[in-house]
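The values are calculated or read from the model by the stated rules, or taken from the named source; none is laboratory data. For clarity, every value in this text was computed on a predicted model and none was experimentally measured. Counting neighbours? That spans all protein chains shown, and the Cβs are built from the backbone with ideal geometry, glycine included.
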Amino acid sequence: MTTSTSGSRIPAVLVLEDGRTFRGRAYGAVGATFGEAVFSTGMTGYQETLTDPSYHRQVVVMTAPHIGNTGVNDEDPESARIWVSGYVVRDPARVPSNWRSRRSLDEELRKQGVVGISGVDTRALTRHLRERGAMRVGIFSGHALPDEGVMLAEVRQAPEMKGADLSAEVATKETYVVPAIGEKKFTVAAIDLGIKGMTPHRMAERGIEVHVLPATATAEDVYAVAPDGVFFSNGPGDPSTADHPVAVMREVLSRKTPLFGICFGNQILGRALGFGTYKLKYGHRGINQPVQDRSTGKVEITAHNHGFAVDAPLEGATDTPYGRVEVSHVCLNDNVVEGLQLLDQPAFSVQYHPEAAAGPHDAAYLFDRFVSLMEGQRA
Ligand SMILES: NC(=O)CC[C@H](N)C(=O)O
């Protein structure tokens, strides 16, 4: 039997920056942590969520009440470590059960020093965040907790997500290559702004050799790999700070190289084309978000993790220095822009996660569209 904090008696308290508090018990590491409080509606896929670098500096609240049921395996992580800065659950599994499970989730959180809290009414907390918006939060655990006023002051001193430039903190420092599976058909330069492991894998499955470059890569670095296409990844932080990738993308657009972006990559395309980005009240996070592909009219259920969005006109084409652009995808819950498609050159992006880790596979066709753009360029 592994020791577990899921039955822990160590007190913990969650303090929101507006002064609301929730009491519970320590889960994972014991200590104090800070971040932006956000909620995820995924019923499964907690390992993918925890290890998605886009969650850097966020404290994730799980709306699904039972977390940890399938333990922790060695196959599902999306990167080499847990990135969330804190984790909030209602009722952690006392005994994980799955053929792939190697250890319990609370053990893994402790091993990686991630402070969490359990026994919280995560529905009430989520409703609060939905009404008031995402905000800073602290989790404090231990037998001798500071006064509430002290904790609140610490929460209010933590950095905000708005204005945060975080890609370089999570991205690879060195270029690495993910080989094509089977016959190699294309080379893609992928700018790592916080890339999830499944993304190059989805490309590799389609015969693409993926050169994953650091967030600081220049256009020269990109073209040094002689790419058939260029990809801009997901990543943490505020897209309004991403001036360097925006400049690199403009170079790619001016050369008309096939281009695909996911999530942060979509926001960077928006900015490269001259649109603004803004912070959503509480964002989209989970694996059950309905999106419409306006080119086919089809509705897909998709995985999301974004707190910012592109401010582009939903109807009609907009003229940009790189030709006309249309909003290709919209979220059916709130009409947020979920994709951009250039009409006069081979470039597009989506705000959500076709790599589906975790999440439904409805949007896998987007990787095929990227392949078609690269084929079209060769024809
Ligand atoms: N998953 C992502 O790429 C997120 C993009 C950006 N950090 C946001 O919150 O909107």
*Can you tell which of H201, H211 is outside the structural domain of E17 (by TED's automatic domain parsing), within 30 Å of P92 (Cβ to Cβ) and not in a loop (DSSP other than H, G, I, E, B)?*
H201
*Would you call T277 near the ligand (Cβ under 9 Å from one of its atoms), hydroxyl-bearing (S, T, Y) and either part of a strand (DSSP E or B) or surrounded by fewer than 24 Cβ atoms within 10 Å (Cβ to Cβ) (or both)?*
yes
*Scan the stretch 232-256 for residues that are within 22 Å of H353 (Cα to Cα) and either within 13 Å of the ligand (Cβ to nearest atom) or of a type in the set (S, T, Y) (or both) and jot them down.*
F232, S233, N234, G235, P236, G237, D238, P239, S240, T241, A242, P245
_For the stretch 15-42, which positions are buried (at least 19 other Cβ atoms within 10 Å of the Cβ) and of a type in the set (S, T, N, Q)?_
T33, S40
_Filter result (buried (at least 22 other Cβ atoms within 10 Å of the Cβ), farther than 21 Å from M135 by Cβ and small (G, A, S)) within the stretch 43-70_ = G68
*Kindly list the number of the only condition in (1) of a type outside the set (K, R); (2) within 20 Å of S54 (Cα to Cα); (3) more than 18 Å from the chain's Cα centre (by Cα) that fails for G229.*
(2)
*How about the stretch 286-313: which of its residues are surrounded by 14 or more Cβ atoms within 10 Å (Cβ to Cβ) and in a loop (DSSP other than H, G, I, E, B)?*
R294, A312
*Looking at the stretch 314-331, which of its residues are of a type in the set (A, V, I, L, M) and part of a strand (DSSP E or B)?*
V325, V327, V330
*Mind listing whichever residues of the stretch 128-172 are over 22 Å from the mean Cα position of the chain (by Cα) and either within 16 Å of the ligand (Cβ to nearest atom) or in a loop (DSSP other than H, G, I, E, B) (or both)?*
G142, H143, A144, L145, P146, D147
*Is the stretch 198-208 home to any residue that is in contact with a Cys (Cβ under 9 Å, 6 or more places away or on another chain), within 16 Å of the ligand (Cβ to nearest atom) and in contact (Cβ under 8 Å) with a residue 24 or more places away in the chain?*
no
*Find the residue count for the stretch 55-80, including only residues that are under 14 Å from the mean Cα position of the chain (by Cα) and either farther than 25 Å from F140 by Cβ or more than 15 Å from the ligand (Cβ to nearest atom) (or both).*
3
*So D334 clears everything in (1) outside any helix (DSSP H, G or I); (2) without any contact (Cβ under 8 Å) to a residue 60 or more places away in the chain; (3) surrounded by 15 or more Cβ atoms within 10 Å (Cβ to Cβ); (4) under 21 Å from the mean Cα position of the chain (by Cα) except one condition, right? Which one?*
(3)
*asked:* For the stretch 21-36, which positions are more than 12 Å from the ligand (Cβ to nearest atom), in a strand (DSSP E or B), more than 16 Å from D91 (Cβ to Cβ) and out of contact with any helix residue (DSSP H, G or I) (no Cβ under 6 Å at 6 or more places or on another chain)?
replied: T21, A32, T33, F34, G35
*Select, from A309, A303, A347, the only residue that is more than 16 Å from the ligand (Cβ to nearest atom) and hydrophobic (A, V, I, L, M, F, W, C).*
A347
*within 12 Å of L105 (Cα to Cα), surrounded by 18 or more Cβ atoms within 10 Å (Cβ to Cβ) and of a type outside the set (D, E): does that describe A93?*
yes
*Considering only the stretch 352-379, state which residues are within 16 Å of E78 (Cβ to Cβ) and among the aliphatic types (A, V, I, L, M).*
A356, A357, A358
_For the stretch 211-220: of the residues being in contact (Cβ under 8 Å) with a residue 12 or more places away in the chain and either more than 15 Å from the ligand (Cβ to nearest atom) or farther than 26 Å from N305 by Cα (or both), which is surrounded by the most Cβ atoms within 10 Å (Cβ to Cβ)?_
L213
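Listed here are the residues, each with its yes/no results for (1) at pLDDT below 95; (2) in contact with a His (Cβ under 9 Å, 6 or more places away or on another chain); (3) farther than 17 Å from E108 by Cβ.
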residue	(1), (2), (3)
V15	no, no, yes
S54	no, yes, yes
I67	no, no, no
G71	no, no, no
_Per-region count, the stretch 337-379, residues charged (D, E, K, R), farther than 12 Å from F260 by Cβ, in contact with a Lys or Arg (Cβ under 9 Å, 6 or more places away or on another chain) and not in a loop (DSSP other than H, G, I, E, B)_ = 1
